[in-house]
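Visitor: Before we start, here is the structure in question, set down as structure tokens.
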Amino acid sequence: MTWSSTGSAAATPARRPRSRWRRTAASALLVMVLTGCSVAVTGMASPAAAPAGQQPGTTQALPVGVDPAEIADDVRNAEQIVNTYWQNHWAEFFPGSTYQPPRVVGLYDGSKPSPDLPTCGGEPLPPDNALYCPEGDFVAWDVSLMARGVVIGDGWVYLIIAHEWGHAVQARIAEAQNSQQSELQADCFAGAVLYGAANDGLLTLEEGDVREIANSLTEAADETPWTTSRDHGDPFQRIGAFDIGRRSGVPGCLPMAG
């Protein structure tokens, strides 16, 4: 995705993704089933505040050759867009309840544990990972994981953030509304949010970003150190779940939707 920010900041020039990722049958399928992501960011609400001394998108260290500002901007905009979508539509999907966003730790360097960072279940935040931590009710993403977005495109960043935010949503809804396949439901929420944000005018989806998302879902299913197809589903399952969210929105991700 490329994006431009409204307001006083100047528009960020479009970037051409330099994909090193293989084309698979699964990613080709998603390109066929999804309709066209450049990102035009409008009317963004601020996400939940980060812990004192650490702002969302702040980086401690990044891999050599990666522009810290580029990663931070992509992450910050994805956080804001995903939060804004849930904030604007929560009462529509879950009447009678109030949306409370998770705490945003944002970017962290998992290779260098720091006392300034929270722990999850008593453990330091892991390297090359992204997570929602139920105990602390926060979302966080390691910089080395997010840096992959510089190579494939920021569709990777948006997908990861929308997916982990989906786990925060699962912690906020009734047990009956949680799927037993929680990882696939989070993929479904990601599809609903990213395409819902496009319908709201927060994102403008383009064909090139569809392939970024397809490749991201494929890679996250079987190649990243932090997941396997056994717990997150194989590429076709993940793509199918994302597409249900794209087509049916949040209601289609809930078990009671049928």
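Visitor: Would you mind checking which residues have amide H under 5 Å from LEU107's amide H? H placed 1.01 Å from N; only 5 or more apart, or other chain.
Guide: Answer set, sorted by chain and number: GLY57, THR58, TRP141.
Visitor: Name the shape class, rounded, prolate or oblate, that the alpha-carbon gyration tensor gives for region 77-174, where a ≥ b ≥ c are the square roots of its eigenvalues, rounded holds for a/c under 1.5, and otherwise prolate holds if a/b is larger than b/c and oblate otherwise.
Guide: Oblate.
Visitor: According to a simple spin-label model (label point 7 Å from Cα along Cα-to-Cβ), what is the distance in nm between SER114 and ASP200?
Guide: 3.0 nm
Visitor: Here is a follow-up. From the phi angles alone, apply the Karplus equation (6.51, -1.76, 1.60; θ = phi - 60°) to region 134-143 and give each ³J(HN,Hα) in whole Hz, x where the residue is Gly or Pro.
Guide: Working through the residues one at a time gives x, 4, x, 6, 9, 10, 7, 9, 6, 5 Hz.
Visitor: Next question. Extending each Cα 7 Å along its Cβ direction at GLU175 and GLN87, get the distance between those two points in nm, one decimal.
Guide: Roughly 3.2 nm, to one decimal.
Visitor: Work out the FRET efficiency for GLU207 and TYR99 from their Cβ-Cβ distance, taking R0 = 45 Å, and round it to the nearest 0.05.
Guide: 0.90
Visitor: Another question, if that's okay. Pop out the ³J(HN,Hα) list for region 96-102 in order, Karplus 6.51 cos²θ - 1.76 cosθ + 1.60 with θ = phi - 60°, rounded to Hz; leave Gly and Pro as x.
Guide: Running phi through 6.51 cos²θ - 1.76 cosθ + 1.60 with θ = phi - 60° gives x, 10, 10, 6, 10, x, x Hz.
Read-outs: derived from the displayed coordinates by stated rules, not from any lab. What you are looking at is a predicted structure, and each value in this text was computed from that prediction instead of being measured. Using ideal geometry, Cβ is built from the backbone for each residue, glycine included, and neighbour counts are taken over all protein chains shown.
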